[in-house]
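Structure first, then comments.
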């Protein structure tokens, strides 16, 4: 059935997260000043009678991918992973948010043109773009070092040229604009000492690292010509990066695609002006690699996270952190690397991944997953804390059994009748006792079959020989659309 009915997976909801997956964002970069607003939210299902489930946003296959086994030091007993669900918080103060961030121990949110700091269950507005910038969108990303060197991007689009663009400006009386369209790469900012570098992609000349605050730093890419690639412009960079970061000792890294079509890094040691290219294709042979984040690992080490997995870079040598793939988000908290595949959150513990939390439903974070003081937060539409919840797994005491079939992608039309699924169910021997329903969990559409008991559910799953994702759960949607099974 999946081959016939599944037409796509839900994508990230925020403007910034959506374009981050494409490698460029429509943005404007700001130095933030002190002072003052808001941004959209997905709908959520409420807990149900007969099943105490609190689902979160989901997208993609319902069958969790095989997860790495947890390995913990013998002196540290393995803690049971928490079952978590996104739960809205501070809804009066923050009706909508465009992002949540953890910078230097502070939990920050963006809402409209404002940046707020969360303290003691309240919001203190600490910075804002000018009201004159409201026509250009909302703040959709902040990064850098809080409070002395943190920056934001503003969504912007040049309709006349049909191209994403950016404008750099400094807030306050001294507003400095770059007078021509540029492309700003999300997560393309690094702070080295008192200097701030931004990764800028020029439509004609390729990527460049530009000093925008503090003492000027020169960091040059190895050129494509130097790497033996045929190029139209001799100064094009060999690596077209998607993410950059710097370590406390001044090591800088940019990760992206090499001109030979393979994943690679450009690495600068402290005070090194010209970068060194490090190829990564041997770590992910033949696998599609989408770089997501780059993180500092201690004073001089680096973690580079991609959809294919994570690597660690030490002394210019890259090694794979095996056991976890299909990564969608990552973060560093208390010196540890965390990553999620949408089904669980894992922490890298020296030699393997340890599962620290899991979800009832596949959960998307829209580029906004953070950990602050031991708790996880999501900030895409609503500010949500990931709180403990009950499982939707079926037990003998369940009063509302359901066979969950699949998730519908965003391209599936509302009111779609799922003819292939109906055709299979119509031949089920006990068809009169079941009901096909479509319902929403978070921002995605689910398809399930209400069954009277476990015996009928077991027979139905045997009947659904073509479905690899069908599973028995205990769940009653608060609102569902019944899809008739009669001809």
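The values are calculated or read from the model by the stated rules, or taken from the named source; none is laboratory data. A quick note: this is a predicted structure, and the numbers were derived from the prediction, not measured. Cβ coordinates were reconstructed from backbone atoms using ideal geometry, including for glycine residues, and neighbour counts include every protein chain displayed.
General observations
- For the residues 421, 441, 451, 412, the requirement of being modelled with pLDDT of 95 or more and not assigned by TED's automatic domain parsing to the domain that holds residue 119 singles out 451.
- Which listed residue is more than 30 Å from residue 247 (Cα to Cα) and either at pLDDT below 95 or surrounded by fewer than 14 Cβ atoms within 10 Å (Cβ to Cβ) (or both), from 169, 163, 139, 154: 163
- Residues located in the stretch 315-336, provided they are surrounded by fewer than 14 Cβ atoms within 10 Å (Cβ to Cβ) and under 18 Å from residue 284 (Cβ atoms): 317, 319
- Residue match in the stretch 178-201 (condition: modelled with pLDDT of 60 or more, surrounded by fewer than 19 Cβ atoms within 10 Å (Cβ to Cβ) and part of a loop (DSSP other than H, G, I, E, B)): yes
- Taking the stretch 111-129 as the range and being modelled with pLDDT of 90 or more and either touching a strand residue (DSSP E or B) at 6+ places or on another chain (Cβ under 7 Å) or not assigned by TED's automatic domain parsing to the domain that holds residue 141 (or both) as the test, the residues that pass are 111, 116, 117, 118, 123, 124, 125.
- Any chance residue 370 is modelled with pLDDT of 95 or more, outside the structural domain of residue 330 (by TED's automatic domain parsing) and assigned to a strand (DSSP E or B): no
- Just one of (1) crowded, with 23+ Cβ neighbours inside 10 Å; (2) at pLDDT 95 or above fails for residue 342. It is (2).
- Filter pass, residue 381 being out of contact with any helix residue (DSSP H, G or I) (no Cβ under 8 Å at 6 or more places or on another chain) and either closer than 19 Å to residue 344 by Cα or in a loop (DSSP other than H, G, I, E, B) (or both): no
- When the stretch 393-433 is filtered for residues that are part of a loop (DSSP other than H, G, I, E, B), closer than 15 Å to residue 451 by Cα and within 33 Å of the chain's Cα centre (by Cα), the ones remaining, listed by number, are 394, 395, 400.
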